[in-house]
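The block underneath contains the structure these notes are about, expressed in structure tokens.
What follows draws every value from the coordinates through simple rules; no lab data is involved. Predicted model only: the values in this text are computed from it and were never measured. Because the Cβ atoms are built from the backbone with ideal geometry, glycine has one as well, and the counts that use them run over all protein chains shown.
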Amino acid sequence: MHPLHAPQHDGERIWPETNCYVDLWIELLHAQGYEPLAALGFTVAQDFEGDQFTFFKVPPEDLRALFGLEVQELAIYDTVEAHTAEQLRRGNPVLVEVDSFYLPDTRGIAYRSQHVKTTIAVAGLDSGARRLDYFHNAGRFTLEGEDFDGVFRRLPHLSGNPDVLFPYVEFVRSRAPALQGRALLDGALGLLAHHLGRRPARNPVAAYREVFPAHLERLAARSMDYFHLYAFNLLRQLGANAELLGSHLRWLEGQGEGGLSATADAATTLAETVKALQFQLARAVHRRKFGDYTPLLDVLERGWDDSVGALARRYG
């Protein structure tokens with residue numbers, strides 16, 4: 001497990017999980033001997049999309065530039081299992097969209113209770129034993145038996161059903177040596193500058209604040225189940241993205257790029273404040289009693305200016 005997902009000496013991560021795709025890549029890169037902290041410069045480009053904060057992902061071009069990895073779509077015309085086995089024989093990890101209903105690591109959340117799309121990276125496959133070794137979220141896991149049949153659509157209600165579409169599948173292949181040492185630092189700084197050129201034209205927290213009163217009205221009229229979906233797509237995406245940005249900046253400083261501590265702290269404060277807002281909103285939805293969130297929103301807005309804004313002034 002990479003330190004981004006492991007408990008820290010000074011306490012746990014603010015957002016132990018980010019989203020399924022980024023968490024998967026953190027562990028997949030770590031397992032292959034690469035440093036995922038170098039690849040987090042894309043976090044400065046997150047925006048408010050009107051109904052959600054950007055579901056951030058590691059851009060494929062960044063993986064190619066830093067680690068020599070190519071992510072290609074895998075055409076599925078036979079069984080997903082057969083294509084996955086062929087790519088694994090070639091040494092290529094396979095990323096598959098699957099149903100969390102059959103993933104035992106989601107026990108207590110979706111396993112055997114909800115049908116939720118997610119992405120796993122297949123690291124090992126034994127069809128005869130009906131066993132799968134896979135990365136998902138913040139760890140590496142194994143499934144077998146009926147779960148194996150469910151993931152690969154072997155179950156009677158899935159196999160051969162024309163109404164069940166093939167999933168989206170990618171494979172990862174190494175095409176060039178990964179950057180190391182000073183070259184890796186320079187590559188990460190170059191990508192950070194590139195993504196700062198893609199940053200939102202205005203503070204995305206300010207844009208969020210404009211519609212926040214309407215969001216409160218919606219939360220007041222909906223169930224706690226809706227709040228959990230809302231929190232994942234807005235609060236967790238904003239907070240986890242900010243925490244990853246802070247981690248990226250501390251890695252840059254540790255590699256010799258000085259003067260980033262205050263900016264990293266600002267990103268971490270943003271992440272902590274989003275978590276505080278999430279807790280307060282959860283209580284409000286449960287009690288059906290909402291308060292004044294202006295002080296928290298003020299801190300969030302400043303946090304973006306003091307992190308992404310400060311980086312733009314330095315590198316943009």
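A few points about this structure:
- Relative contact order computed over the stretch 183-315 (Cα-Cα under 8 Å; 6+ residues apart), in percent: 32 percent
- Short-range pairs are left out: with C-alpha atoms under 8 Å and at least six residues apart, the relative contact order of the stretch 69-174 is 37 percent.
- Alpha-carbon centroids, the stretch 120-151 and the stretch 1-74: separation in whole Å: 22 Å
- If you sort the three axes of the alpha carbon gyration tensor as a ≥ b ≥ c, you get a/c of 1.5 or more for the stretch 39-112 and a/b no higher than b/c, which makes it oblate.
- P(r) tail for the stretch 127-254: Cα pairs beyond 18 Å make up 76% of the total.
- Once the gyration tensor of the Cα atoms in the stretch 183-315 is diagonalised, the equivalent ellipsoid follows with semi-axes of 32, 14, 13 Å, ordered largest first.
- Ranking ILE26, ILE14, PHE55 by how far each Cα lies toward the positive end of the dipole of the stretch 1-60 (charges on Cβ) leaves ILE26 at the top.
- For the pair the stretch 247-289 and the stretch 171-213, the centres of their Cα atoms are 17 angstrom apart.
- Longest to shortest principal axis, alpha-carbon extents of the stretch 143-212, angstrom: 51, 46, 22
- Net length available on complete extension from HIS215 to GLU17 is 68.9 nm, with 0.36 nm assigned per residue and the Cα-Cα distance removed.
- Tail fraction, Cα-Cα pairs, the stretch 60-175, threshold 22 Å, whole percent: 31 percent
- Net charge, ARG140 excluded, C-beta distance under 11 Å - Lys, Arg +1, Asp, Glu -1: -3
- The modelled label-to-label distance for the pair ALA75/SER261, using points 7 Å beyond Cα in the direction of Cβ, is 5.5 nm.
- Mean separation of Cα contacts under 8 Å, 6 or more apart, over the residue count of the stretch 244-284: relative contact order %: 34 percent
- With each label modelled as a point 7 angstrom along the Cα→C-beta vector, the GLU253-ASP292 pair spans 3.4 nm.
- Computed helical MRE - 222 nm, the chain, DSSP H runs ≥ 4 contributing -39500 (n - 2.57), nearest 500: -14000 deg cm²/dmol
- Global geometry of the chain, whether rounded, prolate or oblate, following the gyration tensor of its Cα atoms and the 1.5 cut on a/c: oblate
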